[in-house]
Amino acid sequence: MNFNRRTFLAASTASIMLPRFAMATPTTLRAEPVLAQILPETEPLTQMLGFNGSTPGPELRLRQGETLSMMFENQTDQGSAIHWHGIRIDNAMDGVPGLTQDLVEAGGRFDYSFITPDPGTYWYHSHARSWEQVERGLYGPLIVEETNPPQVDHDITIIVDDWRIERSGQLAGNFDNTRDFAHAGRMGNVARALISQASVREGDRVRLRLINTATARIFPLNVSGIEGVIVALDGMPLASPLPVADMVLAPAQRVDIIADVTSAILVQTPTRDGPFGLGRIEIDGTNPNPIATAIAALPATPTATPADTPSQSLTLNIQGGAMGGRHGGDDIWSFNGRSGLTDEPWANFARGETVRITLVNETAFPHGIHLHGHHFHEVASDGSLGPLRDTTLVDVRETREIVCVFDNPGQWLLHCHMLGHQAAGMKTWVNVA
Ligand code: C2O
Ligand code: CU
């Protein structure tokens, strides 16, 4: 991994602040051109797209069971739509043009409205030319709070992202670069953590919500200055919290941590030249009354229990790309020899069916495979059901089994969240009836 030297130096000392809406959640999301300070303050602003004047867009924060009603106004010059990543919602609200709704044309509007069934850390992003529109800034955090949230002093969102920025300070164009598509995707030369808060006190208890919004980059992450545990993955609570060790976040994945602050919090990613500072939260004073209770697991989210024996076992061969062997699809990437969306779904499921899917990565690149509308279990190597996820990282030549109860009716996308791979064929869909 190589980051541009001038930003490498500056990014170690300054964090970009996320816009935070202290007031009520907005009722309109207006996609529009914005100027963003991606580079350090002495460098030019970057022309981006954003929501309601900023990129990332405003943090949407609701309580579990509340209704999110959002008028989407498209003030960009391209058709768009908003996908609410990871939320188990009504299919009609899923935001996939061509599958669940029509493209919202430039100047057009669309009303989204759904109940937020599960608490957790989610995000929203454009699902039209996403490899371009997400890269240009059309995304934001979506936080659903528990009915009884765990006691913390600060609830902090940390977005990690990268951008490919030219000498002029502007985003590199050529979003449809087939060389990027056929390799690991569009990697940025600038990487930052966007953090919703600048400082904490020593002894504070914090909840950190990490979200990887990059279009292609897998972020190995190290968070120092805290003592605590990982309590949720992709929004779903872990029955047994995990130690905060080094983490790996594929594009679209999230990690929730609850921890006590011991010193300035540093978010770093390892590089060939040593740890690279993505962002930090400073210490400002000491908490005179630290929370003394032990950090506990989050309350379980009620989800369907998979049947002991799946009623279908399917294999999804991930194929194509540069240096790849078998392909068969008519584009750069394919699933089971087919590229892109077909008229007929890849699979049909009866509502409530337990299905085992074996993901076989035959390619020379890792892929973060995302299923819409559901969470699935990653199957551990001993065959036991692992954590619930909505995006699973399948490494080069790796095979990963997942088990899913398809209990949400509708037409759901299954695709690589390396968005250039999705653009170049790595997507399909399933039908749950
Ligand atoms: Cu977050 Cu189909 O995407
Ligand atoms: Cu991929």
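The values are calculated or read from the model by the stated rules, or taken from the named source; none is laboratory data. None of these values were measured; they are calculated from a predicted model. Here the Cβ is made from the backbone with ideal geometry for all residues, glycine too, and neighbour counts use every protein chain on show. What goes into the accessible areas is simple: the full protein's heavy atoms, side chains included, and nothing from ligands, DNA or RNA. Shrake-Rupley method; radii C 1.70, N 1.55, O 1.52, S 1.80 Å.
Can you find, among Gln78, Val104, Gln170, the residue farthest towards the positive end of the dipole of the chain? Put +1 on the C-beta of Lys and Arg, -1 on that of Asp and Glu.
Gln170
Given only helices, namely DSSP H runs of n ≥ 4 each adding -39500 (n - 2.57), what is the per-residue ellipticity at 222 nm of the chain, to the nearest 500 deg cm²/dmol?
About -1000 deg cm²/dmol.
If you restrict to DSSP beta bridges whose two residues both lie in the chain, what percentage is antiparallel, to the nearest 5? Provide the component values of the computation, followed by the final result.
Numbers: 93 of 124 bridges.
Roughly 75 percent of the beta bridges in the chain run antiparallel, per DSSP.
Tell me, in nm to one decimal, what length is gained between Asp308 and Ile291 on full extension, where the rule is 0.36 nm per residue of separation less the Cα-Cα distance?
The Asp308-Ile291 span can extend by a further 2.0 nm.
Restrict the search to segment 373-408; then list the trypsin sites (Lys or Arg not before Pro) that DSSP places in a loop and that have at most 15 other Cβ atoms within 10 Å of their Cβ. Let's see the in-between values first.
Working: sites: Arg389, Arg397, Arg400; in loops: Arg397.
For trypsin sites (Lys or Arg not before Pro) across segment 373-408 that sit outside H, G, I, E and B with at most 15 neighbouring Cβ atoms in 10 Å, the list reads Arg397.
I'd like to compare 219-226, 230-237, 89-96: which one has the highest average count of other Cβ atoms within 10 Å, and what's the full order after that?
Listed from highest to lowest mean packing, they are 230-237, 89-96, 219-226.
Considering just Cα atoms, how many Å³ per residue does the convex hull of the chain enclose?
137
Using all alpha carbons of segment 136-187, what is the percent of pairwise distances in each 10 Å bin, ordered from the shortest bin to the longest?
16, 34, 22, 16, 11
Given a 1.4 Å probe and every protein chain left where it sits, what share in percent of the accessible area of the chain is carbon and sulfur? Kindly include the intermediate steps, with their values, before the conclusion.
Working: 8140 of 16400 Å².
Within the chain, the accessible surface is 50 percent carbon and sulfur.
Which of the GluC sites (Glu not before Pro) found in segment 103-137 are loop residues per DSSP with 15 or fewer other Cβ atoms within 10 Å of their Cβ?
Sparse-neighbourhood loop GluC sites (Glu not before Pro): Glu105.
State the dimensionless ratio Rg/Rh of segment 312-432 (Rg: radius of gyration of Cα atoms; Rh: Kirkwood radius).
Here Rg/Rh amounts to 0.94.
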